[in-house]
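Shown next, in C-alpha cells, is the structure this report addresses.
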Amino acid sequence: MSHLLRRFAIPLLATACSVLLSACVSSVLDVDQKAMQPIPAKLIGEMSAKHMSPASPILVRIFKQESELEIWKRNASGRYALLKTYPMCRWSGKLGPKKQSGDRQAPEGFYQVSVSMLNPRSQYYLSFDLGYPNRLEKALGYSGESLMVHGACSSSGCYAMTDQGVAEIYAVVREALRGGQTSFQVQALPFRMTPQNMARYSSDPNIEFWKNLKEGYDIFEVTRRQPKISACGGRYVFDAEFEGGEPADPLAACPPLVAQASPALVAKREADSRAMQAAIASGSAFTTHAYSDGGMHPSFRAMLKSGGAKALAKKTSRTAVPVSRPDAALADPHSQADD
C-alpha cells in the first residue's frame, strides 16, 4: 500500500499545484459560459489580415463625444494598429473628469486593467473595471468606485456598449490577457483630440486638463506605442525618465527629466498648436456640445428616436435592461444629421 501511495502521490500533488497556480486566471476567465464565447470568426480573419493574433497585446481608447470605443492590437511590426471601432450605446454626465461619487460623470484619464478587474457575472452581462480612481486621481482626492465598461444601454458613470458589443470586446480582452499581457491600457478621452476640437473647447474650464491628456494621445498617434504613464505636479507625465527614478508623490513637483521628447512628437505638437490657434482666430470652431446627461452613438440615437426606449432596451440587452435617461439621450446634440 505504501508503495502505491508513493507511486500516485507525487503526480497528484503536481497536478494540484498546477491547478492552484493557474487558478488566478481560470477562476476569472472560465467562470461562466457567456464569458467564454469565442472571438467571432470574422474578427479573427481581420486580425490575421492585419498581422495580429488573438493573443497579441491590446490597447483601448474611449471617446465620449463620438460615443466610440476602439480596440487596438499590436501587430507583427511591434506597433499598435486599429482592430475595430465599437459604437457606444450610453455614457452619462458631461465632458470632463469624474471627481466624486454620485456626479454621474464617466471617467477621463489613463487606466490599467488587469485580469482581476474582469467581471464575468456583471449585472450588465459582462464588464471590466477601469480602475478609477487611479493613482493620480486618488492623490487629488477624487472618489467613486466600480466604473465599468459593460453591456446594456444604461449608464451612471460607466460606458455601456450593449450586451452583444461587450461580449465581443470581452472575448478580445480575455484572449490578450491569456496570451501573456498582464494588463492593458485604457485611454478614456473627452473627444478625438484634434486641433479643431481643442479649439472648440478652448474656453472650457477643463481645457488645461485636456491639454495634459492630449500629450499622451499625441504620443500614441505618433508612435503607435503605449505611452508610459507617470504622475507628478498634479498631472500626468508621459514617456518620462526622471533623475532619481519615478516620482513617489503625484502632487509633488516633478524631478528633472533625463530625456526630451522626440523630434517627431515636438513637430506634431507645434503643428497642432498652430492649427488650434488658427481655428480660434477664424472663429470657425465654436459649436460645442452642451450635454443634458451624457451621450449616445448616433446609430443608437436613431433607433431610440424611431422605436422608443423599450424597443432599444430589447435590442441592446438580453434581459431588456432599461435605457438610462432616454430623454437626455435624445437631447444630446451630438450630430445635426440625427435631427
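The values are calculated or read from the model by the stated rules, or taken from the named source; none is laboratory data. Given the structure is predicted, the values throughout are model-derived calculations rather than measurements. For neighbour counting, all protein chains shown are included, and Cβ atoms are generated from backbone atoms with ideal geometry for every residue, glycine included. Just so you know, the surface numbers come from the protein's heavy atoms only, side chains and all, with ligands and any DNA or RNA stripped out. Shrake-Rupley method; radii C 1.70, N 1.55, O 1.52, S 1.80 Å.
Things worth noting here:
- Of the helices (runs of 4 or more DSSP H) contained entirely in the stretch 169-288, those carrying at least 2 residues that are small (Gly, Ala, Ser) fall at 263-282.
- Inside the stretch 74-94, residues that are open to solvent by 20 Å² or more (accessible area, probe 1.4 Å) and part of a loop (DSSP other than H, G, I, E, B) make up a count of 6.
- Some residue of the stretch 291-298 being in contact with a Ser or Thr (Cβ under 9 Å, 6 or more places away or on another chain), in contact (Cβ under 8 Å) with a residue 40 or more places away in the chain, among the small types (Gly, Ala, Ser) and within 19 Å of Gly96 (Cα to Cα): yes
- Odd one out for Thr319, checked against (1) within 23 Å of the chain's Cα centre (by Cα); (2) surrounded by fewer than 18 Cβ atoms within 10 Å (Cβ to Cβ); (3) closer than 30 Å to Ala167 by Cα; (4) not basic (Lys, Arg): (1)
- In the condition set (1) among the aliphatic types (A, V, I, L, M); (2) exposed (fewer than 13 other Cβ atoms within 10 Å of the Cβ); (3) part of a helix (DSSP H, G or I); (4) at pLDDT 95 or above, Val19 is compliant with all but (4).
- Given (1) free of Cβ contacts under 8 Å to residues at least 60 places away in the same chain; (2) open to solvent by less than 60 Å² (accessible area, probe 1.4 Å), index of the condition Ala281 fails: (2)
- Evaluation of Leu257 against (1) at pLDDT 95 or above; (2) open to solvent by 40 Å² or more (accessible area, probe 1.4 Å); (3) over 24 Å from Met193 (Cα atoms) (one fails), failing number: (1)
- Only listed residue being open to solvent by 10 Å² or more (accessible area, probe 1.4 Å), hydrophobic (A, V, I, L, M, F, W, C) and within 26 Å of Thr319 (Cβ to Cβ), chosen from Cys153, Cys158: Cys158
- Answer residue from the stretch 203-222, given it is open to solvent by less than 10 Å² (accessible area, probe 1.4 Å) and aliphatic (A, V, I, L, M) and is farthest from the chain's Cα centre (by Cα) among those: Ile219
- In the stretch 120-168, of all residues being in a helix (DSSP H, G or I) and farther than 24 Å from Glu66 by Cβ, the one that is farthest from the chain's Cα centre (by Cα) corresponds to Ala139.
- Filter result for Ile71 (at pLDDT 95 or above, at negative phi, touching a helix residue (DSSP H, G or I) at 6+ places or on another chain (Cβ under 7 Å) and open to solvent by less than 20 Å² (accessible area, probe 1.4 Å)): yes
- Here Ala309, Ala252 are screened, and the one residue that is surrounded by 14 or more Cβ atoms within 10 Å (Cβ to Cβ) and without any contact (Cβ under 8 Å) to a residue 24 or more places away in the chain is Ala309.
- Set side by side, the residues Leu257, Leu312, Leu330 differ, and just one is closer than 24 Å to Gly165 by Cα, in contact with a Phe, Trp or Tyr (Cβ under 8 Å, 6 or more places away or on another chain) and of a type in the set (A, V, I, L, M, F, W, C), which is Leu312.
- None of Ala199, Ala188, Ala171 is over 18 Å from Ala261 (Cβ atoms), touching an Asp or Glu at 6+ places or on another chain (Cβ under 6 Å) and open to solvent by less than 10 Å² (accessible area, probe 1.4 Å) except Ala188.
- Pro326 of a type outside the set (Gly, Ala, Ser) and in contact with a Gly (Cβ under 6 Å, 6 or more places away or on another chain): no
- Gly295 in contact with a His (Cβ under 6 Å, 6 or more places away or on another chain) and open to solvent by less than 40 Å² (accessible area, probe 1.4 Å): yes
- For the stretch 30-44, the criterion of being over 21 Å from Asp204 (Cβ atoms), in contact with a His (Cβ under 6 Å, 6 or more places away or on another chain) and modelled with pLDDT of 95 or more is met by no residue.
- Residue list for the stretch 130-147, filter: open to solvent by 30 Å² or more (accessible area, probe 1.4 Å) and under 19 Å from Met88 (Cβ atoms): Ser146
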